[in-house]
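S.K.: Quick one: the structure is below, and I'll ask about it shortly.
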Amino acid sequence: MPKRKVSHFFQFSRVKICEISVSDDRKLTMVKLEPDRRFLAICSGCRKKVRQVHSYEVRAIRDLPMSESIVVINLHYRNVRCPDCGIRVEHHDFVAPYARYTHRLAQFVFKLCEEMTLSKVSELVHLSWDQVKNIDKSELRKRHEEIDLSDLRILTIDEISFRKHHKYLTIIANFETGKVIGVIENRDSETLANFLKKLPIEVRENIKAVAIDMWEPYIKAIKEHLHNASIVFDLFHVVAAFGRLIDKIRNDEFRQADPAMKNIMKKSRYLLLKNAQNLMHDERPRLKAILNNNQRLATVYILKDYLKRLWQYTS
């Protein structure tokens, strides 16, 4: 295949194309690149031009596929003797030092991973599952390692369970934008405190509120390190806690009830916890009978609705 027909796909700076070959079955395209000696090598550490070359090496690098052909670049590169950094591989703008794939292939794989499983991406681009996973992690790190916290005013902190036996991750996010700013292992006070201490002092002082559940270790860490922040318990966890109180009262009342009342109260747990608008047509008469015959349950049922209204008030 004439080199001039495909060379414009490899217009990388500071290198020159020496050879392009395609296998007989057109499943593999090999591109040989060598340093363009009109330019001095650039140190990958400090990005300064360096005159002294220590050695020459070759590295096989995967690039974007062409049609159904896998593209492999044989990059002949220089190791330089930098006065500031010592011996370093020379810098190229199309591939990271020591990487086995080009930046554009990494970005292509990363975009595929947003839409497909790692296994499907691996099959499509002819990379191993581990290579695809590492590319995805690397690109995610580049995208999220520098987070703008200048507008951070309200935090939300919650935990998720990711393994059996109570293994947790604590998720910290900007409440107003939904953007995650931190994921830390465990949900203890010390772990959260260490994360908050690393935030710049001006960011911590700018945080006015933190929405959390009623987990005491979170409360402790916030009080210690976010002195200007009000703690706000979120609706879901407060109502869930009050639901447990309703269930406890229901059990107490059931034990003290006479046989007729026990018959009415049987299997009534979810009747008392449901929102009124979610009740089935045949559930409403049962709930009305329970509330008419038990003052304590009627009181806490009304208080449950009043509790939810707290999050709707503006003053």
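The values are calculated or read from the model by the stated rules, or taken from the named source; none is laboratory data. Treat the numbers as computed from the prediction; the structure is a model and nothing was measured. No Cβ is skipped: glycine too gets one built from the backbone with ideal geometry, and neighbour counts run over all protein chains shown. All accessible areas refer to the heavy atoms of the entire protein, side chains included, with ligands and DNA or RNA removed. Shrake-Rupley method; radii C 1.70, N 1.55, O 1.52, S 1.80 Å.
S.K.: Rank Thr314, Thr177 by accessible area, highest first, at a 1.4 Å probe radius?
M.R.: Values: Thr314 140, Thr177 85 Å².
Sorted descending by solvent-accessible area, the residues read Thr314, Thr177.
S.K.: Would you mind computing Rg(Cα) / (2.2 N^0.38 Å) for region 177-315, counting N as its residues?
M.R.: 1.44
S.K.: Now for a separate question. What is the Cα coordinate range of region 215-296 on the first, second and third principal axes, sorted by size from largest, in whole angstrom?
M.R.: Projected onto its principal axes, the Cα set of region 215-296 covers 56, 29, 18 Å.
S.K.: Something else now. I'd like to check one number: the per residue accessible area of the chain, probe 1.4 Å, reported in Å² as a whole number. Each step should come with its number before you reach the end.
M.R.: On the way: 20060 Å² over 315 residues.
Spelled out: the 1.4 Å probe surface of the chain, per residue, equals 64 Å².
S.K.: Cα gyration tensor of region 1-67, axes a ≥ b ≥ c as square roots of the eigenvalues: rounded (a/c below 1.5), prolate (a/b > b/c) or oblate?
M.R.: Numbers: a/c = 2.53, a/b = 2.22, b/c = 1.14.
Prolate is the answer for region 1-67, as a/c is 1.5 or above and a/b outweighs b/c.
S.K.: When all protein chains stay in place, what accessible area (Å², nearest 10, 1.4 Å probe) is found for Leu307?
M.R.: 30
S.K.: Helix 216-225 sits at what angle to the longest principal axis of the chain, using alpha carbons and giving 0 to 90 degrees rounded to 10?
M.R.: Once rounded, one gets 60 degrees.
S.K.: Hey, which lysines would be in cross-link range of Lys288, C-alpha to C-alpha under 27 Å, not counting anything within fewer than 8 residues on its own chain?
M.R.: List returned: Lys248, Lys262, Lys266, Lys267, Lys274, Lys304, Lys308.
S.K.: Please give the calculated 222 nm ellipticity per residue for the chain, where each DSSP H segment of at least 4 residues contributes -39500 (n - 2.57) and the sum is spread over every residue; nearest 500 deg cm²/dmol?
M.R.: On the way: 12 runs with 125 residues, N = 315.
Per the formula, -12000 deg cm²/dmol.
S.K.: At 7 Å along Cα-to-Cβ for each site, give me the label-to-label distance between Ala257 and Glu145 in nm.
M.R.: 6.2
S.K.: While we're here: I'm a student and want to see the number: the projected area of the Cα convex hull of region 127-167, averaged over all directions, in nm². Please list the in-between numbers first.
M.R.: Numbers: hull surface 19.6 nm².
Mean projected area of the Cα convex hull: 4.9 nm².
S.K.: Ok, one more. On a 1.4 Å probe surface of the protein chains, which of His54, His166, His92, His76 comes out largest in accessible area, and what is the full order?
M.R.: Values: His54 85, His166 145, His92 10, His76 50 Å².
Solvent-accessible surface, decreasing: His166, His54, His76, His92.
S.K.: Shape verdict for region 38-80, please, from the Cα gyration tensor: rounded (a/c under 1.5), prolate (a/b greater than b/c) or oblate.
M.R.: Values: a/c = 3.34, a/b = 2.50, b/c = 1.34.
Because a/c hits 1.5 or more and a/b exceeds b/c, region 38-80 counts as prolate.
S.K.: If Lys and Arg each add +1 and Asp and Glu each add -1, what is the summed charge of the other residues whose beta carbon sits under 12 Å from the beta carbon of Arg88?
M.R.: On the way: positive: Arg47, Lys48, Arg78, Arg81; negative: Asp84, Glu90.
For residues surrounding Arg88, the net value is +2.
S.K.: Then there is this: Computed over the Cα atoms, what is the radius of gyration of region 40-193 divided by 2.2 N^0.38 Å, N being its residue count?
M.R.: Working: Rg = 20.6 Å, N = 154, 2.2 N^0.38 = 14.9 Å.
Normalised Rg, Cα atoms only: 1.38.
S.K.: To continue, here is another question. Calculated from the structure, Kirkwood radius over Cα pairs in Å equals which of (1) 22.1; (2) 25.9; (3) 20.0?
M.R.: (2)
S.K.: In whole Å, what is the distance between the alpha-carbon centres of region 177-226 and region 23-90?
M.R.: 45
S.K.: Taking all protein chains together and a probe of 1.4 Å, list Tyr98, Tyr77 from the most accessible to the least accessible.
M.R.: On the way: Tyr98 140, Tyr77 15 Å².
Final ranking, largest accessible area leading: Tyr98, Tyr77.
S.K.: Ok, one more. Let me cross-check Lys179: its accessible surface, 1.4 Å probe, with only protein heavy atoms counted, in Å² to the nearest 10?
M.R.: Counting only protein heavy atoms, Lys179 exposes about 100 Å² to solvent.
S.K.: How much of the calculated P(r) for region 93-175 lies past 22 Å, in percent of all Cα pairs?
M.R.: Numbers: 1606 of 3403 pairs.
For region 93-175, the fraction of Cα-Cα distances above 22 Å is 47 percent.
S.K.: Find the relative contact order for the chain and round it to a whole percent, using C-alpha pairs within less than 8 Å whose residues are 6+ positions apart. Can you show the working numbers first?
M.R.: On the way: 434 pairs, mean separation 25.6, N = 315.
About 8 percent, as a whole number.
S.K.: Which order do the peptides 124-132, 100-108 take when ranked by the mean count of other beta-carbon atoms within 10 Å per residue, highest first? Each step should come with its number before you reach the end.
M.R.: Working: 124-132: 15.4, 100-108: 18.1.
In descending order of packing, they fall as 100-108, 124-132.
S.K.: To the nearest 10 square angstrom, what accessible area does Val180 show with a 1.4 Å probe?
M.R.: In the full protein context, Val180 sits at about 70 Å².
S.K.: With an 8 Å cut-off on Cα pairs and a minimum separation of 6 or more residues, tell me the relative contact order of region 178-274 in percent.
M.R.: Details: 72 pairs, mean separation 21.5, N = 97.
Once normalised by length, the contact order is 22 percent.
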